[in-house]
Amino acid sequence: MTLPPDFHPTSRTRLLRVAAATWLLLVSAAVVVNHVSLSRLAEEVRASAPAIEVALLDGRLTELESRTDSIGYQPEPLTQASLDAVRQALEERLARLEQADPAQDVATDIAHLQSRVEQLEARLKEVRQTPAPAAAPPRRPPPAEAARPTTVEPPFRLLDIELRAGERFLSIAPADSRSLASVRVLRLGETESGWRLESLEGRTATFLFNGQARRLSVP
């Protein structure tokens, strides 16, 4: 290598030192810039971590409320009013968190929300394990009383059984008449006011009325 006549080794060494120092300054500046960027990013992550956790808890509360509403039977402690109170308290705490300094400690609020979530999960588990009340069997209407057949009395009175020419006759008279002129004599097969005389056995007369046989005693 050919150097200019006026070039000295001392000048070369000085240039190398200046170049090395410049390079070190550039590297140091880059390291400082990266460190500052990483520090800011870490601070932003730490500041947004509570808000993210609160948002996750809010999502879990909303899911628990919707799952609780979908169950038909609910025990007495779990009511819609209590769920509304939890939601209102959560919204108030979220509003305070949004207005507060990101660096403020929100561990107490997060612990409170976590406790609320655990309580709702326990109540939801209790609802699932509680059997629904059995439906009462339908009441059967009381059996209708069987209609008692009404006994229809004949519109005439039986007076006596007579024997004429070897044939038996039954003498009758209207129930509301005491006159001998109204007395009538029936033989077997004859009908009086829908009452057909079927037989005479001893002192008993058998009539057929409305398809039913009636046995009447003759005095």
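The values are calculated or read from the model by the stated rules, or taken from the named source; none is laboratory data. From a predicted model like this one, the values you see are computed outputs, not experimental measurements. Here the Cβ positions follow ideal geometry from the backbone for every residue, glycine too, while neighbour counts run over all protein chains shown.
Below are the figures for this structure:
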read-out	value
Residue check, S70 at pLDDT 70 or above and either loosely packed, with under 12 Cβ neighbours inside 10 Å or in contact with a helix residue (DSSP H, G or I) (Cβ under 9 Å, 6 or more places away or on another chain) (or both)	no
Options I161, I110; residue that is at pLDDT 70 or above, in contact with a strand residue (DSSP E or B) (Cβ under 9 Å, 6 or more places away or on another chain) and not polar (S, T, N, Q)	I161
Residue within the range 139-146 that is of a type in the set (A, V, I, L, M), surrounded by 10 or more Cβ atoms within 10 Å (Cβ to Cβ) and modelled with pLDDT under 65 present	no
Residues of the range 188-219 that turn out to be more than 60 Å from the chain's Cα centre (by Cα) and surrounded by fewer than 13 Cβ atoms within 10 Å (Cβ to Cβ), as a count	11
